[in-house]
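Here is the structure we will look at.
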Amino acid sequence: MEFIQDRLDAAKTVEPSRCGWGMMLSLAALGPIYSVVYTEVAIHQGGFLDKVTAPDPDIPSGVAEATWYETPGIWWDVVERLSWTMLGKQTSFGCQFRPVANND
C-alpha cells in the first residue's frame, strides 16, 4: 500500500501532471486484464494464450501447472510486478516519475 501511495504522490509532480495520472489510469484499466492473462500464461505454458502472448519479464516463471490454491498468490505477484514496471522503474521514454521513496 505504501508503494501505491508513493506512486500517487509521484504522479502529482510529473509535468505535465496529466501524464502521471495517465500512467495510473493505464495501470487501473489494463492491470486487471494483464494480470489475469499473464497468470494464465505462466500456469498453462504451451496453451493458447501462451502462444499468442509476447514474452514479457512480468510473466512469472517456474509456476507451470500450479494448483488452484496457489493461483491467487501467483496472480498477486503479477499485480506487483506490473505495478512496479508501470509506475516504479525509471525509463528513457514516457512519464518520468521520481524514484520510489525508500522508507528504510
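Legend: ranking of residues 24, 86 from fewest to most surrounding C-beta atoms inside 10 Å; resulting order 24, 86.
At an R0 of 35 angstrom, the distance between the Cβ atoms of residue 12 and residue 36 translates into a FRET efficiency of 0.75. Normalising the average separation of contacting C-alpha pairs (under 8 angstrom, six or more residues apart) by the number of residues puts the relative contact order of the stretch 34-89 at 39 percent.
Residue-wise HN-Hα couplings along the stretch 68-82, as the Karplus relation 6.51 cos²θ - 1.76 cosθ + 1.60 with θ = phi - 60° gives them from phi, are 4, 7, 8, 4, x, x, 5, 4, 5, 4, 5, 4, 5, 4, 4 Hz; Gly and Pro carry x. Annotation: extensible slack from residue 64 through residue 51 equals 3.2 nm (criterion: 0.36 nm per residue apart, minus Cα-Cα distance).
Just so you know, all these numbers are worked out from the coordinates, no wet-lab data involved. Because the structure is predicted, anything quoted here is derived from the model rather than measured. So basically every Cβ, Gly included, is an ideal-geometry build from the backbone, and we count neighbours across all protein chains shown.
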